[in-house]
Amino acid sequence: MEAISFNERTMVIDLQCCNSCGDCIIACPLSAIKGLAASREFVHTSLIYSEAYTPSEKELLIYKKRGMNAIQITDIPLNPQWDFVLSKTNRILKLLGEKPIKVVRNSNEEKLSRRDLFSKLQKEGKQLAKNMAPVSWQIEEDEWNLTRYFQDFQFYLVEIDKNKCTLCQACFSFCPQKLFSLAGSVLHIDHEKCVNCIACTDICSEEAIRIRPKIKEKSDSVESVYTNKCQDCGQLFYSFQEEKEKCHICVDRDPEWLSPY
Ligand code: SF4
Ligand code: SF4
């Protein structure tokens with residue numbers, strides 16, 4: 001619907017275009033958007049196919065982790081968009097060591113919204129609810145973070161170009177997931193925490209950081225860093241190069257300007 005756009009530095013939300021689909025809530029890597037959750041229908045552990053929307057891989061992965069294991073169709077097969085997303089999701093699930101999501105035909109089970117399902121389960125008693133509801137469909141706004149569900153895996157690889165990076169630490173501070181830690185002579189990068197929000201690539205003036213999709217068992221990188229003394233301002237600074245003589249501020253500073261220290 002293109003209800004969200006950017007006008008230079010301002011985000012514009014066109015309320016006339018917004019149809020409350022909830023897709024932005026699911027897509028936002030930082031759960032920064034609040035509002036009504038996307039409306040989806042389930043029967044037990046199946047998501048009911050609807051042409052009204054196309055889920056993302058992220059959405060299907062989260063439903064899968066919460067117990068959904070099939071997409072239920074009637075006589076109409078999945079449209080190409082759903083088919084594409086499902087194939088991609090199943091490829092990811094394979095990498096994650098999980099079973100694929102199947103497509104099943106409607107078995108004339110009653111269609112229930114999430115709310116209906118829960119009230120039905122409540123009525124039918126706790127034990128029955130226990131047996132019938134392996135899935136917890138109530139997903140809060142801040143629960144659309146994949147890293148919460150697949151904690152043994154990473155989805156992205158954070159790459160720092162050591163020849164360009166000045167270790168100014170701007171991205172370390174801006175990273176909402178706090179996946180960088182610099183202590184002593186070591187920089188740790190916890191790749192599994194990355195949600196691809198790209199705050200780091202936006203802030204880096206050196207274009208020294210890149211986020212690549214990479215699904216694998218989680219790992220952290222350890223990089224050696226040096227603590228050098230700036231020959232201009234005398235401050236200690238971190239660098240990937242032992243021979244570096246000036247801190248990142250003095251490197252760019254006009255010699256006519258006063259030292260910031
Ligand atoms: S913002 Fe860029 S230059 Fe600064 S530490 Fe991060 S990657 Fe390195
Ligand atoms: S994209 Fe960058 S800022 Fe965002 S979580 Fe990953 S490393 Fe942190």
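Summary table below
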| quantity | calculated |
| --- | --- |
| Checklist (1) within 14 Å of ligand 2 (Cβ to nearest atom); (2) outside any loop (DSSP other than H, G, I, E, B); (3) open to solvent by 70 Å² or more (accessible area, probe 1.4 Å) applied to THR227, failing item | (1) |
| Selection within the stretch 185-222 - acidic (Asp, Glu) and near ligand 1 (Cβ under 9 Å from one of its atoms) | GLU206, GLU207 |
| Pair list, Cβ under 6 Å, 6 or more apart: the stretch 181-210 residue aliphatic (A, V, I, L, M), other residue near ligand 2 (Cβ under 10 Å from one of its atoms) and assigned to a helix (DSSP H, G or I) | ALA199/PHE174; ILE203/CYS171; ILE203/PHE174; ILE209/CYS171; ILE209/CYS200; ILE209/THR201 |
| Test: residue in the stretch 49-56 that is buried (at least 18 other Cβ atoms within 10 Å of the Cβ) and hydrophobic (A, V, I, L, M, F, W, C) | no |
| Residues (more than 8 Å from ligand 2 (Cβ to nearest atom) and open to solvent by 70 Å² or more (accessible area, probe 1.4 Å)) located in the stretch 196-205 | ASP202, SER205 |
| Among the candidates ILE211, ILE249, residue that is outside any loop (DSSP other than H, G, I, E, B), surrounded by 15 or more Cβ atoms within 10 Å (Cβ to Cβ) and at pLDDT 95 or above | ILE211 |
| Selection within the stretch 167-195 - open to solvent by 20 Å² or more (accessible area, probe 1.4 Å), part of a strand (DSSP E or B), within 11 Å of ligand 2 (Cβ to nearest atom) and not charged (D, E, K, R) | PHE180 |
| Residues being without any contact (Cβ under 8 Å) to a residue 60 or more places away in the chain, closer than 21 Å to PRO213 by Cα, open to solvent by less than 40 Å² (accessible area, probe 1.4 Å) and out of contact with any strand residue (DSSP E or B) (no Cβ under 8 Å at 6 or more places or on another chain) - total across the stretch 61-99 | 5 |
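The values are calculated or read from the model by the stated rules, or taken from the named source; none is laboratory data. Owing to the predicted nature of the structure, the values given are computational and were not obtained by experimental measurement. Cβ coordinates were reconstructed from backbone atoms using ideal geometry, including for glycine residues, and neighbour counts include every protein chain displayed. Surface areas here come from the heavy atoms of the whole protein model, side chains and all, with no ligands, DNA or RNA. Shrake-Rupley method; radii C 1.70, N 1.55, O 1.52, S 1.80 Å.
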